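K.L.:
Before I ask anything, here is the structure I am working with.
The values are calculated or read from the model by the stated rules, or taken from the named source; none is laboratory data. Predicted model, so just to flag it, every value in this text is computed and none were measured. Using ideal geometry, Cβ is built from the backbone for each residue, glycine included, and neighbour counts are taken over all protein chains shown. Ligands, DNA and RNA are excluded from the accessible area calculation, which covers all protein heavy atoms including side chains. Shrake-Rupley method; radii C 1.70, N 1.55, O 1.52, S 1.80 Å.
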Amino acid sequence: MSTADAVTGYSVAASAVSLNGLRKIYGDVVAVENVDLEVRAGEIHALLGENGAGKTTLMRLLYGLTKPDAGSISIDGATVSITSPKIARAAGIGMVTQHFSLVKTMTVTENLALQDAGFFSLDLAGARRKLLALCEEIGLEIDPDARIDSLPVAMQQRVEILKALAGGCKVLILDEPTAVLGPQDVDSLLDVIRRLRDTIGLSVILITHKMHEISQVADRVSVLRRGEIVATENASGMSIASLTALMVEGVQQEIVETGERSSQGTSVLAIKDLTVHLRGHDVISELSLEVRRGEIVGIAGVSGNGQSELVQALSGVFVHQTGEIHVDGKLVKGGSPSAFAEAGFGRLGEDRHASAVSALTVEENLILDRLHFFSKPGILLKRKIRKFAEESITNFAIKAKPDQAIGTLSGGNMQKVLLARLFGERPLAAVVSQPTRGLDVVSTRYVRQLLMVERNTGVGILLVSEDLDEILELSDRILVIFKGKIVGEVARKDFDRIAIGAMMAGV
Ligand SMILES: Nc1ncnc2c1ncn2[C@@H]1O[C@H](COP(=O)(O)OP(=O)(O)O)[C@@H](O)[C@H]1O
Ligand SMILES: [Mg+2]
């Protein structure tokens, strides 16, 4: 420890973290294996890797959220046993996880005060002073008295960062901080990170799988693949192509385009003036859109702008839902999932764990929505079910046995079961939500190709995804959703990241 700033309590001491031979095993999964990693004082160190590479697990080890099976951590050259986040914070490690930990009904100041105090000893005046001094020092603006739930996501994230800094952190871990942000907010966050390095010499570990973020801010980059560090390099020396190669190791990434991109077909899904009233306001407001035969229409938007509710409304679940939904030109009457299924509409929900019944087998999950087809009064047609399951397993390249419990499958295989269930019914139209979230690169590629194939056979697909790259890659048309309204439409020939990003931010 050396000099600490008298006002903020923030230590300006140079400090480095080193991880030595860390390992973490979950059941059969080696999440982190023999990781050596040094983070230098005052550097922005990007941690790059595909979904499932082990980035979060590695950082959870450093922040004391989970215990390593082997290895050690040293800070300022001394080995520290980090068995809880509290100990991590005391050692100068801060972390902003993918799920924020702020108390939404409290103000910024109250949230900061909460972390250093027992419940009965909130020092609000002190916390407010500390916050203002810190903001001044690093050139950030925030209203100390704003309630968290009144702040946009980007600002809430800033509060999380300030909270970590107020707690005295010298090494700040940010776990995919840009995943929840639109492009403009990404730029300002990267600015903030840079400023923190330059003004107070903060070390930042930035987890990302976005290459352009690395070239924008990182000093060094470590690439994690299947739990192991495969390279640590100066970021300036790394091209996007070489980073990608390190990250995915010979996996081909481009989508093979089959079929023409034209969408002149008839309307298979039409939403007219949909309004959904929830939590005291309209989360969807007079939204209309159309998906034609053989077309993928992507819904682009920053998370929380009505996407989830739009998907749910397409099974008519909301009590306060008005407007009309037509499938194949016919009004779907009776708002229930089965009314939609009967009309020829399929869905892949955003949470595959909620869509699969984990206690049931792969084949039971496959036929769940269509029991009538596989049963006679009182009996299940077991041979027919098994045959169907085996065909699905082959057709969708599912690595599983028909009688295996679905809960034991990897994310990618579980997603394939759900897609087999969806497209096995030959729907005319479907909504597919976050289809590759959390999947590894191979499964992601498979799922995206599958969606293209289904589109080419004529299914009209409404694709809802927070991954703008996915939307750009797959869509024939993009609709931008903002605060529950469609605020823009862009045809494939006019796709432009920046312009779409601006619309996503409501500009
Ligand atoms: N709590 C857990 N229980 C079981 N497996 C886990 C757990 N956390 C992570 N894993 C597994 O460890 C691997 C690495 O996951 P994670 O660290 O979340 O990767 P990343 O953050 O790079 O996407 C994955 O295969 C994941 O399924
Ligand atoms: Mg992660």
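K.L.:
Report the relative contact order of the chain, percent, no decimals, based on alpha-carbon pairs under 8 angstrom and at least 6 residues apart.
P.N.:
It rounds to 15 percent for the chain.
K.L.:
State the percentage of accessible surface on the chain attributable to carbon and sulfur atoms; use a 1.4 Å probe and exclude ligands, DNA and RNA.
P.N.:
52
K.L.:
Determine the dipole magnitude for segment 355-426: charges of +1 sit on the beta-carbon of Lys and Arg, -1 on that of Asp and Glu, nothing else is charged, the reference point is the Cα centre, and the result goes in debye to the nearest 20.
P.N.:
My answer is approximately 220 debye.
K.L.:
Kindly work out what percent of the DSSP beta bridges joining two residues of segment 67-185 are antiparallel, to the nearest 5.
P.N.:
Within segment 67-185, antiparallel bridges account for around 50 percent of the total.
K.L.:
Quick one: what are the phi-derived ³J(HN,Hα) couplings along segment 153-161, Karplus 6.51/-1.76/1.60 with θ = phi - 60°, whole Hz, x for glycine and proline?
P.N.:
Taking θ as phi minus 60°, the curve returns 3, 4, 6, 4, 5, 4, 4, 4, 5 Hz for segment 153-161.
K.L.:
Where in segment 329-352 does the label zone of Phe373 land, with the point 7 angstrom along Cα→C-beta and an amide N cut-off under 14 Å?
P.N.:
341-347
K.L.:
Helix-only mean residue ellipticity at 222 nm, the chain, DSSP H runs n ≥ 4 weighted -39,500 (n - 2.57), per residue, nearest 500. What is it?
P.N.:
-9500 deg cm²/dmol
K.L.:
Here's another thing I want to ask about it. In terms of solvent-accessible area of protein heavy atoms at a 1.4 angstrom probe, what is the ranking of Asp282, Asp123, Asp476, highest value first?
P.N.:
Asp123, Asp282, Asp476
K.L.:
With +1 on the Cβ of every Lys and Arg and -1 on the Cβ of every Asp and Glu, and nothing else charged, how large is the dipole of the chain about its Cα centre, in debye rounded to the nearest 20?
P.N.:
It works out to roughly 1400 debye.
K.L.:
Antiparallel DSSP bridges in the chain: what percent, to the nearest 5?
P.N.:
60
K.L.:
While we're on this one: Mind jotting down the distance between the C-alpha centroids of segment 175-248 and segment 275-317, whole Å?
P.N.:
So the separation of the two Cα centres works out to 32 Å.
K.L.:
Further, regarding this structure: Residue by residue through segment 290-297, which ³J(HN,Hα) values in whole Hz follow from phi under the Karplus form 6.51 cos²θ - 1.76 cosθ + 1.60 (θ = phi - 60°), with glycine and proline marked x?
P.N.:
Couplings: 9, 10, 9, 3, x, 10, 10, 9 Hz.
K.L.:
Please list Val221, Val487 from largest to smallest accessible area, probe radius 1.4 Å, with all protein chains kept in place.
P.N.:
I get Val487, Val221, largest accessible area first.
K.L.:
Among Ala389, Leu114, Ile73, flag the residue with its Cα farthest along the positive direction of the charge dipole of the chain, charges on Cβ as +1 for Lys/Arg and -1 for Asp/Glu.
P.N.:
Ala389
K.L.:
Hey, can you find the accessible area per residue of the chain for me, probe 1.4 Å, expressed in square angstrom?
P.N.:
Per-residue accessible area for the chain comes out at 45 Å².
K.L.:
A further question on this structure: In 10 Å bins starting at zero, report the fraction of Cα pairs in the chain per bin as a rounded %.
P.N.:
Values per bin, smallest distances first: 4, 17, 25, 25, 18, 9, 2, 0.
K.L.:
I'd like the accessible area for Glu324: 1.4 Å probe, protein heavy atoms, all chains in place, Å² to the nearest 10.
P.N.:
80
K.L.:
Need one value: the accessible area of Leu371 in square angstrom, 1.4 angstrom probe, rounded to the nearest 10.
P.N.:
Surface open to solvent at Leu371 totals about 80 Å².
K.L.:
Based on the mean of other beta carbon atoms within 10 Å per residue, what is the order of 97-108, 36-47, most packed first?
P.N.:
Ranking, from highest mean packing down: 36-47, 97-108.
K.L.:
Using the crude model of +1 on Lys and Arg Cβ and -1 on Asp and Glu Cβ, and no other charge, please compute the dipole size for segment 17-248 relative to its Cα centre, in debye to 20.
P.N.:
Computed charge dipole of segment 17-248: roughly 420 debye.
K.L.:
Also, I was wondering about something else. Semi-axes of the equivalent ellipsoid for segment 17-248, please: Cα gyration tensor eigenvalues, times 5, square-rooted, ordered largest first, whole Å.
P.N.:
That gives 29, 21, 16 Å for the three semi-axes.
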